[in-house]
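The values are calculated or read from the model by the stated rules, or taken from the named source; none is laboratory data. It should be emphasised that the depicted structure is a prediction, and the values quoted were computed from it without experimental measurement. Please note: Cβ atoms are built from the backbone with ideal geometry, for glycine as well, and neighbour counts cover all protein chains shown. The area values use the complete protein model at the heavy-atom level, side chains included, leaving out ligands, DNA and RNA. Shrake-Rupley method; radii C 1.70, N 1.55, O 1.52, S 1.80 Å.
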Amino acid sequence: MLVLGIESSCDETGVALVRADMRMNAITPVLLAHALHTQVAMHADYGGVVPELASRDHIRRVLPLTQHVLAQADQPLAAIDVVAYTRGPGLAGALLVGAGVACALAASLGKPTLGTHHLEGHLLSPFLSADPPRFPFVALLVSGGHTQLMRVDGVGRYTLLGETIDDAAGEAFDKSAKLLGLGYPGGPALARLADFGNPQSFTLPRPLLHSGDLDFSFAGLKTAVLTQTRKLGNVCEQVRADLAASTQEAIVEVLVKKSLAALRQTGLNRLVVAGGVGANRRLREELDATCAARGVRVHYPELHLCTDNGAMIALAAAMRLQAGVDAARCDYAFNVKPRWGLEEVGARLPAEVFPGG
Ligand code: KG4
Ligand code: ZN
């Protein structure tokens, strides 16, 4: 079975082709080709994502990327068996572009579609790595919009253990970066500056670190960074690097300690880290060291599949179909879900008709 995956939930247009063998459900689907266009340069002038511009750019990119992926995999359009697309969460207009193109393409081919959850894509993306995880595991999902700890018992079997009550970890990186005068997207820029700083220079809050639950809060950290930048005024590059390093250290410490608490609480010894912030080198170093000391295996997606991409969407669809928890459909009546909790993505019955679809 060949699955074409289209991702368009935010500022990246991603298209990929994944092959899954339906008779051998223990085998992880294989990524045949993927292509990505990032809108970073376009949004940089505005200091953040402009939803209307994002949608228009997805329209421009999605078909050329699809042609590119098919050529790369040496497959004709007619070879596609299922067209998967990101149904949510994300920007409504941007999601509608991917959903509309996916349904139109599938309808013209007479093939079914499957609307996929963006975070399920991130969560399952380590299955495309050289060191894929085994169920069950704890997942730390850290993206621009979400910070969640999930217990994952299988495809479509997700239990929310804790999540952020305000800003996401990626947002904390992005907003702190902005306060430090760094461009968009802030996370990688802050991480680069932090490489030259001393993480012990500033004492910043570790919100909810000792709350006894698995929830996160990063809004207070951003306020502390704001207070520091105001107090410091125009400072030399070294002090900015020190503040960047201290901010990164605070975020990383909270993420690592809460992940360990989730592992303790569930009694599991496997951790999957996914989402854009999972690309952070300091987070990986800390997780690797602390988990190794406790006999916990940590799995990451390949670095280039940490941030948004079409491969994870094709993969999630293929794995749902392969596990028999979902069915592709031919009604071509797409309705996107800009707000959509991952814990809602249980097994879906083949006969389900989406409300309003
Ligand atoms: O998963 P993702 O690509 O998009 C969403 O679904 O949100 O995550 C984007 C987030 C942004 O907040 C970005 O600043 C952050 O991931 N990010 C990083 C790094 N690379 C991306 N944060 C810290 N360090 C990085 N190296
Ligand atoms: Zn994402």
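Listing for the model above:
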| item | result |
| --- | --- |
| Residue match in the stretch 234-252 (condition: closer than 20 Å to Met150 by Cβ and either within 16 Å of ligand 1 (Cβ to nearest atom) or among the acidic types (Asp, Glu) (or both)) | yes |
| Within the stretch 132-141, considering residues that are out of contact with any Ser or Thr (no Cβ under 8 Å at 6 or more places or on another chain) and within 15 Å of Glu120 (Cβ to Cβ), the one surrounded by the fewest Cβ atoms within 10 Å (Cβ to Cβ) | Phe135 |
| The listed residue being open to solvent by less than 10 Å² (accessible area, probe 1.4 Å), touching a Pro at 6+ places or on another chain (Cβ under 7 Å) and within 15 Å of ligand 1 (Cβ to nearest atom), out of Leu91, Leu95 | Leu95 |
| Residues of the stretch 98-138 classified as more than 16 Å from ligand 1 (Cβ to nearest atom) and not polar (S, T, N, Q), total | 25 |
| Residue ranges of strands (runs of 3 or more DSSP E) in the stretch 1-51 with at least 2 members open to solvent by 50 Å² or more (accessible area, probe 1.4 Å) and assigned by TED's automatic domain parsing to the domain that holds Ala316 | 30-38 |
| Residue that is more than 16 Å from ligand 2 (Cβ to nearest atom) and out of contact with any strand residue (DSSP E or B) (no Cβ under 7 Å at 6 or more places or on another chain), where the choices are Gly156, Gly162, Gly187, Gly145 | Gly156 |
| Qualifying residue in the stretch 256-266 (condition: within 12 Å of ligand 1 (Cβ to nearest atom) and either in the same structural domain as Pro185 (by TED's automatic domain parsing) or open to solvent by less than 60 Å² (accessible area, probe 1.4 Å) (or both)) | no |
| Per-region count, the stretch 148-190, residues aliphatic (A, V, I, L, M), open to solvent by 20 Å² or more (accessible area, probe 1.4 Å) and part of a helix (DSSP H, G or I) | 1 |
| Residue check for Arg60: open to solvent by 60 Å² or more (accessible area, probe 1.4 Å), without any contact (Cβ under 8 Å) to a residue 24 or more places away in the chain, away from ligand 1 (no atom under 16 Å from the Cβ) and not in a loop (DSSP other than H, G, I, E, B) | yes |
| Number of the condition not met by Thr307 [criteria: (1) open to solvent by 30 Å² or more (accessible area, probe 1.4 Å); (2) part of a helix (DSSP H, G or I); (3) closer than 30 Å to Leu91 by Cβ] | (2) |
| Any hit, the stretch 194-210, residues being more than 8 Å from ligand 1 (Cβ to nearest atom) and outside any loop (DSSP other than H, G, I, E, B) | yes |
| Single condition Ala224 does not satisfy, out of (1) surrounded by fewer than 16 Cβ atoms within 10 Å (Cβ to Cβ); (2) under 22 Å from Gly170 (Cβ atoms); (3) without any contact (Cβ under 8 Å) to a residue 24 or more places away in the chain | (1) |
| Any hit, the stretch 330-337, residues being touching a helix residue (DSSP H, G or I) at 6+ places or on another chain (Cβ under 8 Å), open to solvent by 20 Å² or more (accessible area, probe 1.4 Å), at pLDDT below 95 and assigned to a helix (DSSP H, G or I) | no |
| Looking only at the stretch 278-304, and only at residues there that are touching a residue at least 40 places away in the same chain (Cβ under 8 Å) and in a loop (DSSP other than H, G, I, E, B), the one that is nearest to ligand 2 (Cβ to nearest atom) | Pro301 |
| Within the stretch 302-317, considering residues that are among the hydrophobic types (A, V, I, L, M, F, W, C) and more than 17 Å from Leu109 (Cβ to Cβ), the one nearest to ligand 1 (Cβ to nearest atom) | Cys306 |
| Residues of the stretch 70-126 satisfying the condition of being within 13 Å of ligand 2 (Cβ to nearest atom) and either of a type in the set (Asp, Glu) or closer than 22 Å to Met22 by Cβ (or both) | Thr116, His117, Glu120, Gly121, Leu123, Leu124, Ser125 |
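Here is a yes/no grid of residues against (1) closer than 17 Å to Cys291 by Cα; (2) touching a Phe, Trp or Tyr at 6+ places or on another chain (Cβ under 6 Å):
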{"residue": "Gly98", "(1), (2)": "no, yes"}
{"residue": "Gly110", "(1), (2)": "no, no"}
{"residue": "Thr116", "(1), (2)": "no, no"}
{"residue": "Leu119", "(1), (2)": "no, no"}
{"residue": "His122", "(1), (2)": "no, no"}
{"residue": "Pro133", "(1), (2)": "yes, no"}
